[in-house]
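A.B. asks: Take a look at this one; I'll ask things after.
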Amino acid sequence: MDLFGKDLICTQEWSREELMAVLDLAAKMKRDRFSDRYAHLLKNKTFFMFFYNPSVRTRQSFECAATELGGHAQFLEPKAMRLKTATTAGETIEDAAQVMSRYAAGLGIRILEDKVPYYGAGDELIREYAYWCSIPVISMAHDKFHPCQGLADLMGWAEWFGKGPGYPIDPSVLEGKKLLVTWGHGALARSWCSVQEALLIGSRFGMDVVLAHPEGYTLDPQVIEWTRQNCAANGRTFEETTEVRKGYEGAHVVYSRHWMSPQAYQDGEFLKQQEIEKALQYPEWICDADKMALTDNAIFTHPMPIDRGHEVTDEVASGPRSCIYDVAENRLHVQKAIMALTMA
Ligand code: CP
């Protein structure tokens, strides 16, 4: 299998074998983090990180990843690049992408819900860069998908249900486990990228999946259909419910996160304040100990940053069954593996 030069925009576009290659290498890199085997893989190479939106985990983990592979990660923002936009003259993606390809070994892009005029515009932008770039383009979270997060999630869940960190990842431990992805009320008006990636990768690896949300908060119909197809291909079930407690029954992994409604955009504008006010009307949509008691001793997972007190209580987020910091750590290891396989 040769992944050199391959873009990563959504895990659904990679085969299970390709995703396993990342997870296998990530586990080895986690076990033997500073080994000389990995310390020079990106020697003299630069990874461009192009951020339209802020970040804690993604920027820090990619910078550490590049350093640990012997390379360098360079931070870029659109305001420093004189790019053409809908309202301003400037350089086209065609030109910028081809020039960046002459300098760097890979390009990561983050563009989220509040930097685009409609859902899917970020996905279009990242795919236009991928079209013109001759280096791999990696989504660092865009309005539709967050593939690095999905891989880190799966690695963390498999560690919790398997032998633990330091051992090879055996995704079969997740087969037949029930993943609940549930909406949480919140004040952050979040994009769909992380939860959609979790639905896709959980269903790819044989989990039963339940998607729970209040009326009016469904996700991208294409992602729902892919999740349904993934579950069917594995002989597993997919269910969507608007009941707040039902999905918790017998769950093994609970993923509670706020996401925007499909009405978040009007006339090219992201209505952030309206989304926040609407979401706060559903205070019962919080992951708490009472609901977790309905599960089969589930772990709590979240990509972070967490909106504590809205999406989840402190008791659950900081409790003994919370895997949030393990998953956050795994961002580093999966991204090192992705960079090594696609850029080294
Ligand atoms: N989970 C995640 O991508 O975190 P940041 O937004 O802090 O990068």
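A.B. asks: Mind listing just one residue for me: the one in region 103-124 that is in a strand (DSSP E or B) and within 16 Å of the ligand (Cβ to nearest atom) and, of those, most open to solvent (accessible area, probe 1.4 Å)?
C.D. replies: Restricting to residues being in a strand (DSSP E or B) and within 16 Å of the ligand (Cβ to nearest atom), the top hit is ARG110.
A.B. asks: List the strands (runs of 3 or more DSSP E) inside region 171-247, counting only whole elements, that have at least 1 residues being among the aromatic types (Phe, Trp, Tyr).
C.D. replies: Here the list reads 178-183, 238-241.
A.B. asks: Also, quick follow-up: Output the residues belonging to region 219-239 that are buried (at least 16 other Cβ atoms within 10 Å of the Cβ) and closer than 19 Å to CYS193 by Cβ.
C.D. replies: Across region 219-239, the qualifying residues are LEU219, ASP220, VAL223, ILE224, TRP226, THR227, ASN230.
A.B. asks: Taking TYR282, is it modelled with pLDDT of 95 or more and not in a helix (DSSP H, G or I)?
C.D. replies: yes
A.B. asks: I need the full set of residues from region 79-102 which are over 27 Å from the mean Cα position of the chain (by Cα), more than 25 Å from HIS146 (Cβ to Cβ), open to solvent by 60 Å² or more (accessible area, probe 1.4 Å) and not β-branched (Val, Ile, Thr), in order please. Break it down stepwise before answering.
C.D. replies: At the first step, the residues of region 79-102 found to be over 27 Å from the mean Cα position of the chain (by Cα) are 82, 84, 86-92, 95, 99, 102.
Those still in the list that are more than 25 Å from HIS146 (Cβ to Cβ) too: 82, 84, 87-92, 95, 99, 102.
Still in the running and open to solvent by 60 Å² or more (accessible area, probe 1.4 Å): 82, 84, 87-89, 91, 95, 99, 102.
ARG82, LYS84, ALA89, GLU91, ASP95, ARG102 - these are the residues of region 79-102 that are over 27 Å from the mean Cα position of the chain (by Cα), more than 25 Å from HIS146 (Cβ to Cβ), open to solvent by 60 Å² or more (accessible area, probe 1.4 Å) and not β-branched (Val, Ile, Thr).
A.B. asks: Return a yes/no flag: does region 61-68 have any residue that is within 16 Å of the ligand (Cβ to nearest atom) and either among the charged types (D, E, K, R) or open to solvent by 40 Å² or more (accessible area, probe 1.4 Å) (or both).
C.D. replies: There is at least one residue in region 61-68 that is within 16 Å of the ligand (Cβ to nearest atom) and either among the charged types (D, E, K, R) or open to solvent by 40 Å² or more (accessible area, probe 1.4 Å) (or both).
A.B. asks: Please verify whether ARG127 is of a type in the set (Lys, Arg), in a helix (DSSP H, G or I) and on the phi < 0 side of the Ramachandran plot, treating the condition exactly as stated. I'd like the intermediate steps shown before the answer.
C.D. replies: Numbers: of a type in the set (Lys, Arg): yes; in a helix (DSSP H, G or I): yes; on the phi < 0 side of the Ramachandran plot: yes.
Yes: the conditions hold for ARG127.
A.B. asks: Further question on the same structure: Based on this model, can you work out whether LYS163 counts as within 30 Å of SER35 (Cβ to Cβ) and either away from the ligand (no atom under 16 Å from the Cβ) or aliphatic (A, V, I, L, M) (or both)?
C.D. replies: Here the answer is yes, as LYS163 does meet what is asked.
A.B. asks: Then there is this: From ILE135, ILE169, ILE109, grab the single residue that is closer than 30 Å to ALA233 by Cα and touching a residue at least 40 places away in the same chain (Cβ under 8 Å). Can you show your working first?
C.D. replies: On the way: ILE135 fails: closer than 30 Å to ALA233 by Cα; ILE109 fails: closer than 30 Å to ALA233 by Cα.
Among ILE135, ILE169, ILE109, only ILE169 is closer than 30 Å to ALA233 by Cα and touching a residue at least 40 places away in the same chain (Cβ under 8 Å).
A.B. asks: Right, something else. Looking at GLU284, GLU275, GLU311, can you tell me which residue is within 17 Å of LEU180 (Cα to Cα) and surrounded by 16 or more Cβ atoms within 10 Å (Cβ to Cβ)?
C.D. replies: That would be GLU311, the only listed residue that is within 17 Å of LEU180 (Cα to Cα) and surrounded by 16 or more Cβ atoms within 10 Å (Cβ to Cβ).
The values are calculated or read from the model by the stated rules, or taken from the named source; none is laboratory data. For clarity, every value in this text was computed on a predicted model and none was experimentally measured. All Cβ positions, even for glycine, are placed from backbone atoms using ideal geometry, and neighbour counts span all protein chains on display. For the accessible areas, the whole protein counts, side chains as well, though only heavy atoms, and no ligand, DNA or RNA atoms are used. Shrake-Rupley method; radii C 1.70, N 1.55, O 1.52, S 1.80 Å.
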